[in-house]
Amino acid sequence: MNQADSLKLAAGLEQLGWQSVKKDESANLFVINTCSVRQHAEDRAYSQLGRLRKQKLSGEELHIAVMGCMVGPKTAQLAKRFPYVDAWARPQEFEPILTLAETIKDPSEGDLGSLSVLLDGGLTRTYALPTGISAFVPVVHGCNKFCTYCIVPLRRGRERSRPVADVLDEINWLADRGIREVTLLGQTVEAYGHDLSERPTLATLFRAIEKIEGIVRVRFLTSYPKDMTNEIIDSVADCRKVCEHFNIPVQSGSNSMLERMRRGYMVEEFVERVERIRLKMPDAAIATDIIVGCPGETDDEFRETLSLLRQIRFDTIHVAAYSPRPGTFADRNMIDDVPSKIKKQRLHLVEKIHQESSLNINQKLLNREIEILVESVTETQATGRTKHGTIVHFNTNGEVKIGNLENIVITQTTAWSLKGHIADNLSLSVV
Ligand code: SAM
Ligand code: SF4
């Protein structure tokens, strides 16, 4: 979501005459797009700010803007703490940065452009073209779920779906410019459409994107078990371009922990959704997120998480140690009582299971032929991804192009990637 926001702001700034630079030293406007989901992410933003502060104090002509989730509704406190920051912008609210950009004069060229033209045109219709062949397309902003540990609804607000026509317009625009794969984004992406008068669903989008020429793959994240209807699961199975790759955070394998997290479902309901997916798509890839060390998490509760992970055999597990987030229900009402040493131990145990299950899943692909979308090519090597999102490296002699779909026979596997060669025409059984 942050990458999509950054690109969108960049598109707006480019319209004002700004250019992005590779080397920090030659920039005169810095925009730090922040994440607040864990303390570690905020700390990284603070250290960037410290570095820029030094540069600014040493007399360099530079301007600093901070956007994203670190910027809450009240910026007065932040402005007091970081007086050298020139603009603050909440997620999706780019105007303060564009206003700043308009006031900055390029020392060599004078005025950089007219902001009013851009704003009258409507920044929301400014689509951003990423480098490469894949694009992130936010379809629903915000979140209504209010899990007790999570800061996202406090910073990104309530769910707001983009109209179907708007989403399709952007994807057509991207396809016309060579984009081959789109990832539809939402904090709970299956919530898409419930706030629109026509009540479209994620499946409505899938079916419409099937018809867009040029787009060969559609991904979607992040799923929320309660919003994941049969209609949506079935549409993934039915739509050729939609990847059978689900990202469904379970967060914990213990019902008592899930209740304290206010996740709104029980482990049994989560398992039932996974069973439905596997019934329709036996080979589907399933990824999940786990938080270890949430307030009050006991050894037994954690053991239940390990046993769920072993039972489901996820393709990917994103694991994080609980980090108290100011203003959340957990921060106000619960004690962060799991020692950081225990959190680290639990984190490593989850990572170990992840590595084992991922290796096991990848090994089953040995000698099979898999369709991959090529993402990068050198003179001798190319890299792409399977529909399941696994990276595949293979040798080429220059005949392969970025954006091609190629059938690759897998000859080597590790937990994190695959190696292979281009299949000859006689190969069978494409996965
Ligand atoms: N909406 C998704 C869901 O339902 O889980 C996830 C979105 S959340 C922004 C991304 C991930 O950050 C979560 O899955 C969770 O694992 C992690 N996360 C959120 N709050 C956290 C916290 N306070 N401490 C540690 N990890 C956290
Ligand atoms: Fe945060 Fe996801 Fe829960 Fe929303 S559903 S509050 S984004 S963890």
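Explain nothing, just compute: Karplus ³J(HN,Hα) = 6.51 cos²θ - 1.76 cosθ + 1.60, θ = phi - 60°, for every residue of the range 258-265 in order, whole Hz, x for Gly and Pro.
My calculation for the range 258-265 gives 4, 5, 5, 6, 6, 7, x, 8 Hz in order.
Taking the Cα centre of each part, how many Å lie between the range 233-292 and the range 2-52?
If you average the Cα positions of each part, the centres end up 33 Å apart.
Go through the cysteines of the chain and tell me which have no other cysteine Cβ under 4.7 Å away.
Lone cysteines by the Cβ rule: Cys35, Cys69, Cys143, Cys239, Cys243, Cys294.
When the helices in the chain are scored as -39500 (n - 2.57) per DSSP H run of 4 or longer and the sum is shared across all residues, what 222 nm value do you end up with, to the nearest 500 deg cm²/dmol? Don't skip to the answer; put the middle values down first.
Details: 14 runs with 154 residues, N = 431.
Counting only the DSSP helices, I get -11000 deg cm²/dmol.
Starting from the amide H of Asn247, placed 1.01 Å from N in the peptide plane, find each other amide H under 5 Å away whose residue is 5 or more places distant or on another chain.
Distant-sequence amide H within range of Asn247: Ser223, Ala287.
With Kirkwood's inverse mean 1/r over C-alpha pairs for Rh, give me the Rg to Rh ratio of the chain, two decimals please. Please list the in-between numbers first.
On the way: Rg = 23.0 Å, Rh = 23.7 Å.
Ratio value, two decimals: 0.97.
Taking the DSSP beta bridges in the chain as the whole, what percent of them are antiparallel, to the nearest 5?
On the way: 23 of 59 bridges.
Antiparallel bridges make up about 40 percent of those DSSP assigns within the chain.
Do me a favour and compute the ellipsoid semi-axes for the range 225-352 from its Cα gyration tensor, root of five times each eigenvalue, largest one first, whole Å.
Values: eigenvalues 166, 48, 31 Å².
In descending order, the three semi-axes are 29, 15, 12 Å.
Could you sort out which of Lys8/Lys419; Lys22/Lys226; Lys280/Lys341; Lys22/Lys54 sit more than 32 Å apart by Cα distance in this structure? Numbers along the way, then the final one.
Working: Lys8/Lys419 35 Å; Lys22/Lys226 43 Å; Lys280/Lys341 41 Å; Lys22/Lys54 20 Å.
Listed pairs above 32 Å: Lys8/Lys419; Lys22/Lys226; Lys280/Lys341.
Under a Cβ-only charge scheme (Lys and Arg +1, Asp and Glu -1), can you give me the dipole magnitude of the range 325-431 about the Cα centre, in debye to the nearest 20?
Working: 13 positive and 12 negative charges, 120 e Å.
Computed about the Cα centre, the dipole is about 580 debye.
What lysines sit close enough to Lys344 to cross-link, taking a C-alpha to C-alpha distance under 24 Å and skipping anything fewer than 8 places away on the same chain?
By straight Cα distance, Lys344 reaches Lys352.
Any aspartates and glutamates with Cα under 14 Å of the Lys364 Cα? List them, leaving off those in the same chain fewer than 8 positions away.
Asp283, Asp315, Glu356
Of the options Ile277, Ile32, Cys147, report the single residue whose Cα projects farthest towards the positive end of the charge dipole of the chain (beta-carbon charges: Lys, Arg +1; Asp, Glu -1).
Cys147
Could you give the dipole magnitude of the range 122-279 about its Cα centre, charging the beta-carbon of Lys and Arg +1 and that of Asp and Glu -1, in debye to the nearest 20? Don't skip to the answer; put the middle values down first.
Numbers: 23 positive and 21 negative charges, 101 e Å.
For the range 122-279, the charge dipole is close to 480 debye.
Which one of Gly296, Val377, Leu221 has its Cα pushed farthest toward the positive end of the charge dipole of the chain, where Lys and Arg give +1 and Asp and Glu give -1 at the Cβ?
Gly296
Values in this text are rule-based calculations from the coordinates and carry no lab data. It should be emphasised that the depicted structure is a prediction, and the values quoted were computed from it without experimental measurement. Note that we place each Cβ from the backbone using ideal geometry, even for glycine, and neighbour counts take in every protein chain shown.
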